[in-house]
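Report on the following structure.
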Amino acid sequence: MRLPRADLAVFLCRCGFKTHSPAISAAPVDTLNRKIAFHARNGDAESALRVFNSIPSPSIVSWNSLLAAFSKSPGKLRDALQLFNRIPQPDVFSFNTLLSCHLLNSDLLGARRLFSSMPVKDAASWNTMVSGLSRHGLIDEARELFVSIPCKNSVSWNAIVSGFVHAGDLTSAEDYFSQAPDKQDIVLQTAMIAGYMSKGDTERAWKLFKGMSMRNSVSWNAMVAGLIENGQAEEGLKLFKKMIASEEVQPNPSTLSSVLLACSNLSALQSGRLIHQWVSKLPINFNCSVKTSLLSMYSKCGNLFYACKVFEEMSVKDIVAWNAMISGFAHHGHGEEAIALFEQMRGSSTKPNSITFIAVLSACNHTGMLELGLKYFESMENEYNIKPQADHFSCIVDLHCRAGLLQKAFYLIYLMPFEPHPSTFSTLLSACRIKKNSELAEFAAKKLVELQPHNAGAYVQLANLYASMNSWENVARVRKWMKENRAVKIPGCSWIEINGSFHVFRSGDRVHPSLELIDEKMGELWKRMKDAGYVPDLGFSLHDVGDEQQELMLMRHSEKLAIAFGLISTSAGASLRVFKNLRVCGDCHNAVKYITAIEEREIVLRDNARFHHFKEGICSCRDYW
């Protein structure tokens, strides 16, 4: 017997839903059922309930649709169980819906009990269990259940292959894929593409993708995202352009986030702008994650103005958007703006998280606000119950280093409640290089080498310090140490985007097509810079050779070559954006200041630590980086 409507209303009120006196609807039950299902798909259980209450005699479809609204909401398992027990005659769809709810809420014991007690099981019942067990890492149990399925369909095969991919067992995934009756199934093929990409096998992923008779947005996204995650951002961007041109499918927010990340990784501002123009014509333009990806792309490509514009246009800002904008200000050296935005966020309904405080402490660091940084650091636990992690402590160490308090930074490292992160010792080593403290530099370098013996960064920074002090004996010692540990130095390179094309330069580059013009421009700059007071810092040549040869080596550092090429390739007064894969050296940093004053240009240089905005002979980092 069906539960009286009054009792149902009492039950739903206890579940936290508002109920109203039901207004009986004259609409057909089928129409009202579709409305309930629509609200359920959108996670709006309250609206689903309102429509349900308007039905004089709810059918089993009405009950199941309302149950689905409960079952799609994490944390509502108890409410779903109580509602299920009130369905007059639950059918297999009712059982399957409740089964999904158990699995969504990680109640595996309850799911097993329900599955065992089901009077009738259809294909969806078996597939739901196989998929649910796989998602929770129980792939062996999922395999046993899959073998027991009396009549497997395409969803069954998709579930088990996806399960093995999720578990990282690509060998088993390939085995079951080879046994599947329909190997052209788009879901099955996409699962395998994702599996190959997760193992870095882009070649096999390409082969499978090219052989697909049909593709959907998920398969395109798996391929685009996989290429980008495997360090092939340029290929990922090219494939995205083909996807748009093919008009087979429209990209989803996930696809756009991936390609905008590719633009960020490549520093491809012009490509990012074109994607923005294209997105602005689509409804997806209002998606919060797409907007956040856009502002992050602009920020990482050096255009903070457009990043701010996108942020201001967002009608809804989640914590990810706030963090991206605060971090953008911080990395561009606009600490005051970052702090002001953080205070604005604190006044909103959005609460800061651990990532927020990394951005805020970085902002304090980049602008030398030691006291304010310490205040925010203490507020993490006191006000927000956020336990500081290694990255937060590293920021505090950096704050003290910037203030010249190297000994205090040294003691802070020992007072950390956990093993310091390598970046903490790298921070101390960088400060020692700037402050020319060789004793602490040796300590930091040794610690860094212990943690990362094959990373050449520590050796190079220490060698730079000794070279700046003309201590060539120690430079040789550090190089020997580096060789003994088989540390490989990553070749420094810089690149600049001109008219949509990338021009990459390495130090001492002699192969660029415009080499003659670059050399001519660099020679002209060198003379004008020296006339203005520039003195080459020979300590950054790292070679014990004559002064003239050291100057020539400095003149051909990759960032200087990229800037010279940018100057001869753009109109007078145009700003330049140059990117480098390593930390910019002290001599190049000083030289760029002179170049901006001489050429009356603004130059934005991003190295592996931060953005440097050079204008009229001044850098935004205030000569500390």
Quiz item: Efficiency by 1/(1 + (r/R0)^6): what FRET value for Lys238 and Leu282, r their Cβ-Cβ distance, R0 = 25 Å, to the nearest 0.05?
Solution: 0.75
Quiz item: What is the extension gain from Lys446 to Val147, computed as 0.36 nm multiplied by their sequence separation minus the C-alpha to C-alpha distance, in nm to one decimal?
Solution: 102.1 nm
Quiz item: For Asp391 and Asp107 in the same chain, what is the full-extension length gain: residue separation times 0.36 nm, less their Cα-Cα distance, in nm?
Solution: 98.7 nm
Exercise. Can you pull a Stokes-Einstein diffusion coefficient for the stretch 136-226 at 20 °C (1.002 mPa s), Rh from Kirkwood over Cα pairs, as a whole number of µm²/s?
Key: 162 µm²/s
Quiz item: Which residues in the stretch 351-374 place their backbone N less than 16 Å from a point set 7 Å from the Cα of Ile434 along the Cα-to-Cβ direction?
Solution: 361-371, 373
Quiz item: Going down the table (Lys408/Lys435; Lys489/Lys580; Lys408/Lys436; Lys241/Lys281; Lys309/Lys387; Lys351/Lys387), which pairs top 23 Å between alpha carbons?
Solution: Lys309/Lys387
Practice problem: Counting only DSSP beta bridges with both residues in the chain, tell me the antiparallel percent, nearest 5. | Solution: 75 percent
Exercise. Determine, from the Cβ-Cβ distance of Ser379 and Thr31 and an R0 of 35 Å, the FRET efficiency 1/(1 + (r/R0)^6), rounded to the nearest 0.05.
Key: 0.05
Quiz prompt | Sequence-distant aspartates and glutamates (8 or more away, or on other chains) whose Cα lies within less than 20 Å of Lys480 | solution = Glu439, Glu442, Glu450, Asp544
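Which value results for Rg/Rh of the stretch 183-323 when Rg is the Cα radius of gyration and Rh the Kirkwood radius based on the inverse mean 1/r?
0.99
List the trypsin sites (Lys or Arg not before Pro) within the stretch 376-466 that DSSP assigns to loop and that have no more than 16 neighbouring Cβ atoms inside 10 Å.
Lys436
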Exercise. Could you tally the net charge around Gln277, taking each other residue with its Cβ under 15 Å from the Cβ of Gln277, Lys/Arg +1 and Asp/Glu -1?
Key: +4
Quiz item: What is the spin-label model distance, in nm, from Glu419 to Ala123 if the labels are put 7 Å beyond Cα along the C-beta direction?
Solution: 5.1 nm
Self-check item: Stokes-Einstein D (µm²/s) once Rh is taken as the Kirkwood radius of the stretch 406-484 over alpha-carbon pairs, at 25 °C in 0.890 mPa s
Solution: 195 µm²/s
Quiz item: At Arg622 and Gln82, where each label point lies 7 Å from the Cα along Cα→Cβ, what is the point-to-point distance in nanometres?
Solution: 5.9 nm
Quiz prompt | Residue-averaged [θ]222 nm for the chain, counting only DSSP H segments that reach four residues, each worth -39500 (n - 2.57) | solution = -20000 deg cm²/dmol
Quiz item: How far is it, in nm, from the label point at Arg510 to the one at Arg204 when both lie 7 Å from their Cα along the line to the Cβ?
Solution: 4.4 nm
Quiz item: Dividing the Cα radius of gyration by the Kirkwood radius, what Rg/Rh value follows for the stretch 492-625?
Solution: 0.92
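Hey, got the dipole for the stretch 63-134? About the Cα centre, +1 on K and R Cβ, -1 on D and E Cβ, debye to the nearest 20?
Around 140 debye, computed over the stretch 63-134.
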Quiz item: Relative to the present Cα-Cα distance, how much length would full extension add between Thr350 and Thr570 at 0.36 nm per residue of separation?
Solution: 74.9 nm
Quiz item: Considering only Cα-Cα distances, which of the following residue pairs are longer than 32 Å: Lys72/Lys317; Lys183/Lys291; Lys238/Lys560?
Solution: Lys183/Lys291
Quiz item: How far is helix 139-148 tilted, in degrees, relative to the longest principal axis of the Cα atoms in the chain, given as a value from 0 to 90 rounded to the nearest 10?
Solution: 30 degrees
Quiz item: Candidates (i) 2.20; (ii) 1.19; (iii) 1.05; which is the computed Cα Rg over 2.2 N^0.38 Å?
Solution: (ii)
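Values in this text are rule-based calculations from the coordinates and carry no lab data. Only a predicted model underlies this, so the values are computations on that prediction, with no experimental measurement involved. Heads up, the Cβs are rebuilt from the backbone with ideal geometry, glycines too, and the neighbour counts pull from every protein chain shown.
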